[in-house]
Number of protein chains: 2
Amino acid sequence: MRSTPARERLLRTASALFYAEGLRSVGVDRVVEEASVTRATFYRHFPGKEDLVVAYLEDVDRGVRARVGEPPAAPGGAAAFLRRLTGAVGEQLCGPGFRGCPFINAAAEHPDPASPVRRVVREHRRWLGSTVERALRAAGHPDPPGAARRWTALRDGAMVAGYLDDPAAAQAVLEAAVEDLLAGALSR
Amino acid sequence: MRSTPARERLLRTASALFYAEGLRSVGVDRVVEEASVTRATFYRHFPGKEDLVVAYLEDVDRGVRARVGEPPAAPGGAAAFLRRLTGAVGEQLCGPGFRGCPFINAAAEHPDPASPVRRVVREHRRWLGSTVERALRAAGHPDPPGAARRWTALRDGAMVAGYLDDPAAAQAVLEAAVEDLLAGALSR
DNA sequence: CAGTAGGTAGAACGTTCGTTCTGCCCGAGA
DNA sequence: TCTCGGGCAGAACGAACGTTCTACCTACTG
């Protein structure tokens, strides 16, 4: 009952619509119609619209975690891991249809920190931050927690600038700034 | 006809609601009721809801521009200007009811770059970026455009982290990172 | 004194929202 | 063979959305 063609179609089209147009802008009717599924089928798989939103974010979260993986323990490998991660973010900015970070955008529409949506956002950000921190520690950086926060700030800033300003410039700035950040791992 | 008590009340309550709860979440009825104004009065002052949203953002933009002012021409003054600006952002993060950058949040709900809302967002960001760039140039930084983009990335990242993560930590990271950025103005 | 702009009060418009319901069809497992 | 869950079709719900309307009152101002 977990996964079925109709549910998969629902989640895929909802993901595309939610990301491209916003959470509140996209109605159930719209999703149902574009997924070629009836309302009854939708409510058979999801208790309500919010659960679809949560499923969308969890799906993105799952995808990112799978793509990023675990940071290696070797110092050189950990540094390469961070460069690869940063490079992937930079490329994402320049991709077609980029509209910023799904989690940041979702949070903008959900003020209540206790809402299920914000919970997913929080968990995703916590995972990302701790992963980067672990990588920085493995790379031998003198201040892993501080540098991880700095990396996150640069990443979030790049996500925003990639959406609202110039993607290519945001990519260049991100990579240069992270390179400076990683220089701290060698010195000292 | 430009400014009147009712219009002022409308704009003030709308601003508070829009920022705290999001643009699409807040309906006209809600604004009208909490401003103690009738719907007829609202539509006498604003052609539609979107115009109220634009007025809200333009009001924030006006306030920020007035508070920030113009960067001084003297190198020392320009550096102090940037420190003061960064400090103000950092304090904003820790203020009660902080819910991120109004412009970033507004853009999350408005995908169409041609929309009036996105126009205001674009103009605000352009002004902020060019102001910081001018200050960096006055401060004698070797790469004003690049450093301005870096500052903006850090500022946006701090805005996001101040909303979604730890405000105090975001403030500390922002100020430390900007201090490093300004160190480039002295060297070389 | 008349005209006009801003305000209040309240009903009403058509749409869209998220959600629920009644039926009917089909294919796979007991 | 039967049953039962997944899917389809379509109507319907109440609520909220943004918007428009009529009617009357008040305070300037030319």
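The values are calculated or read from the model by the stated rules, or taken from the named source; none is laboratory data. Quick caveat: nothing in here was measured; it's all calculated off a predicted structure. Quick reminder, even Gly has a Cβ in these numbers, built from the backbone with ideal geometry, and neighbours come from all protein chains shown. Note: areas computed on protein heavy atoms with side chains; ligands, DNA, RNA excluded. Shrake-Rupley method; radii C 1.70, N 1.55, O 1.52, S 1.80 Å.
Points worth noting:
- Gyration tensor (alpha-carbon) shape descriptor, chain B, a/c threshold 1.5: prolate
- Computed from label points 7 Å out along Cα-Cβ, the spacing between B:Asp59 and B:Arg84 is 2.6 nm.
- Rounded to 10°, Cα long-axis angle of helix B:144-164 versus longest principal axis of chain B: 50 degrees
- Using θ = phi - 60° in the Karplus curve 6.51 cos²θ - 1.76 cosθ + 1.60, the 3J(HN,Hα) couplings for segment B:168-175 round to 4, 5, 4, 4, 4, 5, 4, 5 Hz; x is entered for Gly and Pro.
- Accessible area per residue, Å², the protein assembly as shown with all protein chains present, probe 1.4 Å: 46 Å²
- Using a 1.4 Å probe over protein heavy atoms, the accessible area lost on pairing B with A, summed over both chains, comes to approximately 2800 Å².
- Using a probe radius of 1.4 angstrom, the carbon and sulfur fraction of the accessible surface of chain B is 54%.
- Peptide A:166-177 has a mean shielding of 3, counted as Cβ atoms of other protein chains within 10 Å of each residue's Cβ.
- Given R0 = 51 Å, the distance between the Cβ atoms of A:Arg67 and B:Ser36 translates into a calculated FRET efficiency of 0.45.
- Modelled label reach - A:Asp166, point 7 Å along Cα→Cβ, segment B:135-151 residues with backbone N closer than 14 Å: B:144-150
- Chain B: angle of helix B:116-138 to the longest principal axis, Cα-based, in degrees nearest 10: 20 degrees
- Counting only alpha carbon atoms, the long axis of helix A:49-68 and the longest principal axis of chain A meet at about 30°.
- Computed from label points 7 Å out along Cα-Cβ, the spacing between B:Ala183 and A:Val28 is 5.6 nm.
- Three-way shape label, the protein assembly as shown, alpha-carbon gyration tensor, a/c 1.5: oblate
- Per-residue HN-Hα couplings for segment A:83-90 [Karplus 6.51, -1.76, 1.60; θ = phi - 60°; Hz; x = Gly/Pro]: 5, 5, 4, 4, x, 5, 4, x
- The alpha carbon gyration tensor of segment A:1-46 gives principal lengths a ≥ b ≥ c with a/c of 1.5 or higher and a/b greater than b/c, which makes the shape prolate.
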